[in-house]
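Since the structure comes first, as structure tokens, the remarks are kept for the end.
Coordinate-derived values only; no laboratory data. This structure is a prediction, so every number in the text was calculated from the model and none was measured. Neighbour counts run over all protein chains shown; Cβ positions are idealised from the backbone, glycine included.
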């Protein structure tokens, strides 16, 4: 069969897996709503240079993903779940095809085909191809770099060298410094004590790749308005790179975390790991292809394992290389006339599918009963049928060909999961339905049919509420309070002290019984306030700082209430676990009207309105 038809077939399979019902559920926190809101603000402001979120400069990530989402969304006039996830799904398809091309050139078309199939049916890769995050686009760029590197190594082609420059530049525009890690480690390890490293002109390669990034970064930072509280580039580098690597400011985890994450992320093919790992060890010096793949996988695994901050997606760029190793070793196993390994893997798969089927049917009797939908019966039936199919195959053929059935079953179950399970899970993960009243009001504001309104959040700030209300919000008590002690106190000491005081107050009010959180009695309000006062006194921090912190806290809440009760519609979002300490400091908030109160994720969220806010929603047909 011509290679172009194979590529077309793989692209079609991946498109079904990655695009099926991709817009059928909300953007889920933590990253998706933020990464959807930023391109929306690009379209609203027309500013493609300075990224913004909630109307403020966003400096955490480079712009390529946001540009891509904005470009896809522009013809539709706004960012939707489908347009937000489109670039990741497309990047996933391209990565699958690049993996096929690389594996085919290393080990032939059969290995190439199965490498691509196994990659698209790995759990984490499939999930990230349907998610609004930078990691799939980075993985695509890094796989392109690996493929171009191999072509250059075997042909010394100038086009391949410039392909590496382009792939690295796009990777840097996608996620910044992490894009340097994989190529740098590959070049250092693969060409260890070899003259080819100098022939690669790696200094020029990295230098030229930085030029597009600097062409965006310098004018973007130059265009930012003066902000005395904003950190320098050095501060951002220390927080984002040094802080994540050495201090674990984001997702700190032990060194062995990836020994758990990778087997989970590569399911169902991780079931073959007891066979794959010894096979790879025996073949580690078999050919140059193995040296290339292991030089891409092992150094990156060690590097990110040393890092204090860890997320399973940090190692997503090694998944294409892992898929090639998995395909080679599993095909070797399947080519054997009889294998106990294959039968064992098959029976484990049968048990796993059976348990998942039972779990679907148990949803109505679990704490997650609110997500029950009759459609979940179809998913449970599909899981049971797949388990029965695999059991029949093992008894009939002794495990031969189970890799074909596992790939087909994963694909079918992935489609059923996207169609039935994700919309059901949206009850817990999504806020679209919760934000519907304010989103409707925002629509009238945008059309000039209603006056604008004010939206606040107390104690938190999350982009999902910006995205689904289509309105900016003003966070209250999310930043460190300004406290003048008349003496120098370093930032870290002040931040640590305020964090301790907030935690003690939060913990103290949890112990105070309140019959009805929405309508506490006067005695309950006094008890809450006394609990906060006592917690501040007993927090074990500088007493003068504690007293001034308490006064600053009251002043901040008084300013908020003055703004909230000013003429015009106003709304405030409060997490139910924070409700007690907020009520202690701001008892007059009890007079506000509860618009909605629902469980969002693991927390219950309450939306309150002032009198003008209630009238505005009444005009839309909402009654309370």
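What the table below lists for this structure:
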{"item": "DSSP-defined antiparallel bridges as percent of all bridges, the stretch 436-618, nearest 5", "result": "60"}
{"item": "Rg(Cα)/(2.2 N^0.38 Å) for the chain, N = residue count", "result": "1.08"}
{"item": "Cα-based shape type of the stretch 443-531, given that a ≥ b ≥ c are square roots of the gyration tensor eigenvalues and the cut on a/c is 1.5", "result": "oblate"}
{"item": "Helix-only mean residue ellipticity at 222 nm for the chain, each DSSP H run of n ≥ 4 adding -39500 (n - 2.57), per residue, nearest 500", "result": "-20000 deg cm²/dmol"}
{"item": "Burial order of peptide ranges 571-582, 33-44 (average beta-carbon count within 10 Å, highest first)", "result": "33-44, 571-582"}
{"item": "Contact order normalised by residue count of the chain, Cα under 8 Å, 6+ apart, percent", "result": "13"}
{"item": "Over 14 Å [Cα-Cα, the stretch 10-84], rounded percent", "result": "61"}
{"item": "Value of relative contact order over the stretch 436-618, rounded to a whole percent, pairs C-alpha under 8 Å and six or more apart", "result": "24"}
{"item": "Between the stretch 276-328 and the stretch 520-567, the alpha-carbon center distance in angstrom", "result": "53"}
{"item": "Relative contact order, percent, the stretch 371-497 [alpha-carbon distance under 8 Å, six or more residues apart]", "result": "20"}
{"item": "Ranked list, fewest to most other Cβ atoms within 10 Å of each Cβ, for 473, 482, 153", "result": "482, 153, 473"}
{"item": "Three-way shape label, the stretch 20-170, alpha-carbon gyration tensor, a/c 1.5", "result": "oblate"}
{"item": "Rg/Rg_globular for the stretch 436-618, with Rg_globular taken as 2.2 N^0.38 Å and Rg from C-alpha atoms", "result": "1.09"}
{"item": "Per-peptide average of other Cβ atoms within 10 Å, ordering 382-389, 65-72 highest first", "result": "65-72, 382-389"}
{"item": "Degrees separating the helix 491-510 axis from the principal Cα axis of the chain, which is the longest one", "result": "70"}
{"item": "Between 0 and 90°, nearest 10: helix 288-306 axis offset from the chain longest Cα axis", "result": "20"}
{"item": "Equivalent ellipsoid semi-axes - Cα gyration tensor, the stretch 340-429, angstrom", "result": "28, 12, 9"}
{"item": "Within the chain, percent of DSSP bridges classed antiparallel, to nearest 5", "result": "65"}
{"item": "Angle in degrees between helix 31-45 and the longest Cα principal axis of the chain, rounded to the nearest 10", "result": "70"}
{"item": "Peptides ranked, highest mean first, by Cβ atoms within 10 Å: ranges 615-624, 460-469, 410-419", "result": "460-469, 410-419, 615-624"}
{"item": "Where labels lie 7 Å past Cα in the beta-carbon direction, separation of residue 412 and residue 158 in nm", "result": "5.4"}
{"item": "Shape category assigned to the stretch 555-624 from the gyration tensor of Cα positions, a/c cut at 1.5", "result": "oblate"}
